[in-house]
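Taking it in order: structure first as structure tokens, then the write-up.
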Amino acid sequence: MSDLIRSPRFDLVRLRGRNNEGVLLGIIVLLVVLIAIFSPGTLSIGMFSDVLRSSVVNMALALGVLLIIISGGIDVSFTAIAIFAAYSTVVLMRSIGLDNGILPFLAATVIGALIGIVNAVLVAGFKLQTLIATLGSQGIVRGALLAFVGSVYISSLPPALAQVGDARLATIGGSAVSVLVIPVILLAIGLSAVLRKTMFGRSVYAIGGAPESARRAGIRVGQVQTIIYIAAGAFSGFAGMVHVALVGHASPFELVGTELTVIAAVVIGGASDTGGRGSVQGVALGVLLLALIQNSLVRLGVPGFWHTAFVGVVILLGVAIQAQSRRRRNKRSAILESSVTA
């Protein structure tokens, strides 16, 4: 056993990580080296602070998407929930004359969680397929926002909220790092701890890997799914308010349409499209990788439509890698079973 633990193959597996986090980190390092070689003027400290700033909203959104994908589902409504919660909060603040820097984030989080209940009812209650359920809720939320809340571009936020968006944690290379990085990091650490160390986290992985087996083991699948979709809605609402605070305005026409980028970050971060696998660390690396690539493409003057095409390619590669890893695990399990029975 000690020889196995010290074997190069075992060390390589540990270095790669359970969800290929080590591979992803190596790709990021390789990409930085390639940028330094072929476009040294592009690589700067300011670029990395820009990458960090552009990753904040996607990371907050990706945390909720990660929960859903690990549980074996897919969500396309999270951006609609995000902008609904944020825009509605700003409209409400302006209508009642509220000027506060913290309450808007709490209000948007609560609104997002309440909308998440709709997805929870459709998935856990009516047993609808997650893609169909969230596609329908996306249309409902989007329509309700434009019909009942408003469709007007709000160019200026309440002063206290604007100050939060402008607050700097640090200035690196002439680019500001927003203070909103801190709560997003804390949320990521908290979710990582929940997934790794709690019964709820183990239940999320269990229903994603084999829902029927999880149900036979005594896990209340519907209850777990309900909590997942409410939590995902809360993450979306918070992310929407982070977006509004960072950009300094509120528009009901933003965020929707960026689902592909967030889902790509989760998939290339190691979350299996069939459920049962994924980690917060992998998602963080996936978000950083996409932000680094997109930032580099902008600095190199590559047209925007190529960015979308690249994200599509990344999703296909991520799914292909996960499928290949799944085949290797199944083959290894089959070999072990045959050796035991022999």
Need one number: the % of Cα-Cα pairs in region 244-296 sitting beyond the 13 Å mark. 65
For the Cα atoms of the chain, what angle does the longest principal axis make with the long axis of helix 199-209, in degrees from 0 to 90, nearest 10? 70
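Send over a whole-number figure in Å² for the accessible area per residue of region 244-330, probe 1.4 Å. Before the final figure, lay out the partial values.
On the way: 3570 Å² over 87 residues.
Ligands and nucleic acids excluded, the figure is 41 Å² per residue.
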For region 23-155, with all protein chains present and a 1.4 Å probe, just round the carbon and sulfur fraction of the accessible area to a whole percent. 76
Ordered by packing density, taken as the mean number of other Cβ atoms within 10 Å over each peptide's residues, highest first, how do 32-38, 291-297, 80-86, 59-65 rank? 80-86, 59-65, 291-297, 32-38
Run through all the Cα pairs of the chain and give the fraction in each 10 Å bin from 0, expressed as whole percent. 5, 23, 32, 24, 11, 3, 1, 0
Under the classification rounded if a/c is under 1.5, otherwise prolate if a/b is larger than b/c and oblate if not, where does region 120-246 fall, given a ≥ b ≥ c as square roots of the Cα gyration tensor eigenvalues? oblate
How big is the equivalent ellipsoid of region 33-86 along its three axes, where each semi-axis is √(5λ) from the Cα gyration tensor, reported in whole Å from largest to smallest? 32, 15, 8
In degrees rounded to 10, the 0-90 angle between helix 103-120 Cα long axis and the longest Cα principal axis of the chain is 50
One quarter of the convex hull surface, Cα atoms only: what value does that give for region 84-137 in nm²? 4.1
Crossing angle, helix 130-144 versus the chain [Cα axis fit, 0-90 degrees, rounded to tens]: 0
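Going highest first, how would you order 197-208, 227-238 by mean Cβ packing within 10 Å?
Per-residue mean Cβ counts within 10 Å order the peptides as 227-238, 197-208.
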Measuring with a 1.4 Å probe in the full set of protein chains, what accessible area per residue, in whole Å², belongs to region 153-193? 50
Pulled fully out, how much extra length does the chain show between Leu146 and Leu30, if you take 0.36 nm times their separation in residues and subtract their Cα-Cα distance? 37.3 nm
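Multiplying the sequence separation of Val302 and Val121 by 0.36 nm and subtracting their Cα-Cα distance, what value in nm do you get? Walk me through the intermediate numbers first.
On the way: separation 181, 0.36 × 181 = 65.16 nm, distance 4.31 nm.
Once the chain is fully extended between Val302 and Val121, it gains 60.9 nm.
The values are calculated or read from the model by the stated rules, or taken from the named source; none is laboratory data. Note that the structure is a prediction, hence the values are computed from the model and not measured. Backbone-built Cβ (ideal geometry, glycine too); neighbour counts: all protein chains shown. Areas reflect the complete protein model, heavy atoms only, side chains present, ligands, DNA and RNA absent. Shrake-Rupley method; radii C 1.70, N 1.55, O 1.52, S 1.80 Å.
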